[in-house]
């Protein structure tokens, strides 16, 4: 095995990790934007609540800048959701859909929630 091959493999792995992080940042930004809009907030409004410049909120939402864990906690509080809810919506894994479904259900009327539960039970039985 050549040294060049090892360096190429390491470089490829780092590029993949960087791409995954970039994708995660974009997904997180989309979730933040969706939650902000669902609450009727502008980027300026959210910036004021989080105590950052509106340009920073724009960068978060576009995924060009990823908030630190501390800042993400403040953003989640301002949007009245948990950090877990924000992150659950960013996951591409099917096993992570339960928290996302819970978040979606929370926004529905009780009768609509029950209807979806009934549909899920019917799907499970087939």
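The values are calculated or read from the model by the stated rules, or taken from the named source; none is laboratory data. Quick caveat, the model's predicted, so the values are computed rather than measured. Note: ideal-geometry Cβ built from the backbone for every residue, glycine included; neighbour counts use all protein chains shown.
Values computed for the structure shown
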quantity: Unmet criterion (only one of (1) under 23 Å from residue 101 (Cα atoms); (2) at pLDDT 95 or above; (3) part of a helix (DSSP H, G or I)) for residue 49; calculated: (1)
quantity: Residues located in region 103-116, provided they are modelled with pLDDT of 75 or more, within 24 Å of the chain's Cα centre (by Cα) and either surrounded by 10 or more Cβ atoms within 10 Å (Cβ to Cβ) or assigned by TED's automatic domain parsing to the domain that holds residue 24 (or both); calculated: 104, 105, 106, 108, 113, 116
quantity: Residue match in region 24-34 (condition: within 30 Å of residue 120 (Cβ to Cβ), modelled with pLDDT under 90, loosely packed, with under 11 Cβ neighbours inside 10 Å and out of contact with any strand residue (DSSP E or B) (no Cβ under 9 Å at 6 or more places or on another chain)); calculated: no
